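The values are calculated or read from the model by the stated rules, or taken from the named source; none is laboratory data. If you're wondering where the values come from, they're calculated on a predicted model, not measured in any experiment. Here the Cβ positions follow ideal geometry from the backbone for every residue, glycine too, while neighbour counts run over all protein chains shown. Heavy atoms of the whole protein, side chains included, go into the accessibility calculation; ligands, DNA and RNA do not. Shrake-Rupley method; radii C 1.70, N 1.55, O 1.52, S 1.80 Å.
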Amino acid sequence: CAQPAGSASSVGGNATDPASPSTDAATTPATDPADEPATVVDDSDAVDDLTPSAGPGAPLPADPAARMTWLRSQLDAAFADPGLAGAAIGAVVLDARSGDAIWSQGGDAALNLASNVKVITAATALHALGPGFRFVTTVLVSPRSFDRLTGVVDGDVWLRGSGDPSLTTEHLAELARDLAELGVRRITGRLRLDASIYDDVTEPPHYDEQPKERAAFRAPVSALMLNANAFTVDVIPDPAGVAAAEVTISPAVTEAIVLESAVVSTVVDGRTRIRVSSRTVGKKVLVTVTGQIRNDGGRWSQRRRIDDPLAVVGEAARRALLDAGIVLGQKRADVDPAPIGATVLAAHQSAPLADMVRWMNKASSNPIAEAVLRAVGAATREADGPSSWQDGQAAVQRYLSGCGIHGARVDNGSGLFDASAVSAQQLASVLLCARRDFRVGPDLMASLPSAGFDGTLARRLSTTAAAGRVRAKTGTLAAVSTLAGYAGVGLDEQFVFAFVFNQLTPAQRGLARRAQDRAALAMVRFRE
């Protein structure tokens with residue numbers, strides 16, 4: 001999701017590459033004081049010192065029935081913290097091999113899953129599209145309009161998108177270079193953007209619940225989405241603490257994203273305080289950066305959403321063609337579908353879906369999740385014409401129905417805002433259903449963060465027997481904390497679990513994570 005408002009990344013990372021797992025984990029939504037209170041907290045907020053301490057603990061009973069009694073008592077104790085009074089809790093543990101219910105508390109209550117919706121999105125996509133599915137971005141021309149002898153395209157050229165959330169500025173440059181290597185030297189017409197695979201509703205469902213949020217985690221989703229429809233502001237202090245800080249924007253799409261004003265001083269005392277604001281004027285994004293940064297704090301970065309993705313894509317693609325030595329007859333880019341029978345001159349393929357869902361779940365990337373949901377909707381839609389968000393929702397319901405799950409509400413692909421009403425039992429059933437399907441289970445499990453090692457669980461349970469033995473998706477909103485996945489020591493010695501907390505106060509979020517960790521550790525110790 002996104003970091004708490006006002007925080008910032010001071011490390012490097014690959015903030016301009018949406019395909020990098022570090023992208024969303026390093027983004028920093030800042031809200032202006034006039035904005036609505038942030039309703040989203042980064043899943044990395046779950047990384048703290050609340051992990052159970054290391055140690056073997058008391059020996060478990062040898063008798064199987066006594067061991068099961070021990071486990072249930074441990075699970076009861078984990079969720080019995082009086083500090084969690086008033087929270088709505090749904091928790092379920094299933095035996096992965098038999099599917100039998102081991103333990104449950106409020107397991108049938110419909111709750112907000114937050115980012116655990118991404119588990120459902122991933123399972124649906126892997127089942128419907130297959131792990132080898134790739135997004136394809138193509139460059140097309142009208143039939144017989146390209147003269148290979150002269151290098152002239154007599155007419156327009158189309159850039160057609162399929163909703164690739166990993167498409168970057170460098171990928172556009174590669175497409176332009178491919179055209180140049182093919183012999184294209186001049187295009188008499190103009191660049192046209194083909195976004196016809198989707199309708200023109202780029203805001204995922206429920207994103208309008210926080211309309212003033214400018215962070216990258218709330219970026220729109222479109223058929224052509226460049227750098228996850230966001231840009232990065234970097235602030236580099238003067239090491240001596242004297243000169244003004246250097247402020248840059250990437251990717252550098254000069255006419256589409258403009259640094260209107262940057263006044264950031266470097267200080268040797270005090271805290272880093274930087275404010276980024278952006279506004280859209282016509283087809284341009286105007287950015288203002290003010291504040292101060294400590295000289296010893298390293299680089300400060302923040303990613304911001306782009307409201308008009310096609311305007312930025314058009315400018316970036318036009319510049320890529322010019323940089324490749326290809327002359328455009330007309331400067332302005334239009335939005336228009338390619339003609340039937342158009343010829344493909346160049347194409348870019350994304351990484352396979354198996355990799356995409358791994359990036360999505362490890363870093364809890366909202367743009368990837370929403371783009372994947374749209375892709376599933378487009379691929380499974382039976383009617384002609386552009387795909388809508390409702391097509392993706394219908395695909396999710398078909399998958400859930402195939403797993404024997406009915407009545408769950410899943411409105412978007414990321415779980416952001418009030419997008420879900422799903423019980424812990426239903427979520428655990430999705431995980432169980434996916435595990436039993438070899439087309440889905442291995443890649444879904446590989447996509448989940450591994451406790452103590454990577455993703456949003458990198459620093460949870462790291463000093464316990466559960467390290468590397470719990471693969472689970474986290475989810476965090478202001479009043480929500482979730483953890484769901486698999487725990488065990490072998491493929492035939494696993495539990496499937498879902499722990500969902502709603503109606504949490506800020507003080508209870510840490511207690512909820514502690515309960516989740518204690519329960520996960522108990523399941524691993526039982527299986528050892």
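At a Cα cut-off below 28 Å, give the lysines reachable from Lys283, other chains included and same-chain residues fewer than 8 away excluded.
Lys212, Lys331
Extension gain Arg332-Thr69, at 0.36 nm per residue separation less the Cα-Cα distance, in nm?
Taking Arg332 through Thr69 to full extension adds about 87.6 nm, to one decimal.
Using only helices, what value at 222 nm comes out for the chain when you add -39,500 (n - 2.57) per DSSP H run of length 4 or more and divide by the total residues, to the nearest 500 deg cm²/dmol?
-8500 deg cm²/dmol, from helical runs alone.
Tell me, what is the percent relative contact order of the stretch 378-453, built from C-alpha pairs under 8 Å that lie six or more residues apart?
17
Could you state the number of Å between the C-alpha centres of the stretch 461-528 and the stretch 119-160?
41
Rank-order 72-80, 104-112 by packing density, defined as the average count of other C-beta atoms within 10 Å over each peptide's residues, highest first.
Averaged packing, sorted descending, gives the order 104-112, 72-80.
Take peptides 59-68, 259-268, 120-129, 380-389 and line them up by average Cβ neighbours within 10 Å, highest first, as a rough protection proxy.
In decreasing order of mean packing, 59-68, 259-268, 120-129, 380-389 become 120-129, 259-268, 380-389, 59-68.
I need to check one value: relative contact order of the chain, counting alpha carbon pairs closer than 8 Å and at least 6 residues apart, in percent.
It comes to 25 percent, rounded to a whole number.
Determine which lysines satisfy two conditions relative to Lys473: a Cα distance under 23 Å, and not lying fewer than 8 residues away in the same chain.
Those lysines meeting the cut-off are Lys118, Lys362.
What number, in percent, do you get for the relative contact order of the stretch 427-528 if the mean sequence gap of Cα pairs under 8 Å and at least 6 apart is divided by its residue count?
Relative CO of the stretch 427-528 lands at 23 percent.
Taking the 0 to 90 degree range and rounding to the nearest ten, how far is the long axis of helix 309-323 tilted relative to the main principal axis of the chain, both from C-alpha atoms?
Computed tilt is about 50 degrees.
Using the Cβ atoms and a cut-off under 15 Å, what net charge is assigned to the surroundings of Ser162, where Lys and Arg are +1 and Asp and Glu are -1?
Charge balance near Ser162 sits at -1.
So how do 137-143, 364-370, 413-419 stack up, highest first, on mean other-Cβ count within 10 Å?
Answer by packing, highest mean first, reads 364-370, 413-419, 137-143.
So, for the chain, what is the accessible surface per residue at a probe of 1.4 Å, expressed in square angstrom?
So the chain comes to 38 Å² accessible per residue, rounded to a whole number.
At 1.4 Å probe size, with the rest of the protein present, what percent of the exposed accessible area of the chain is carbon and sulfur atoms?
Answer for the chain is 52 percent, counting heavy atoms of protein chains only.
By DSSP, what percent of the beta bridges with both residues in the chain are antiparallel, rounded to the nearest 5?
75
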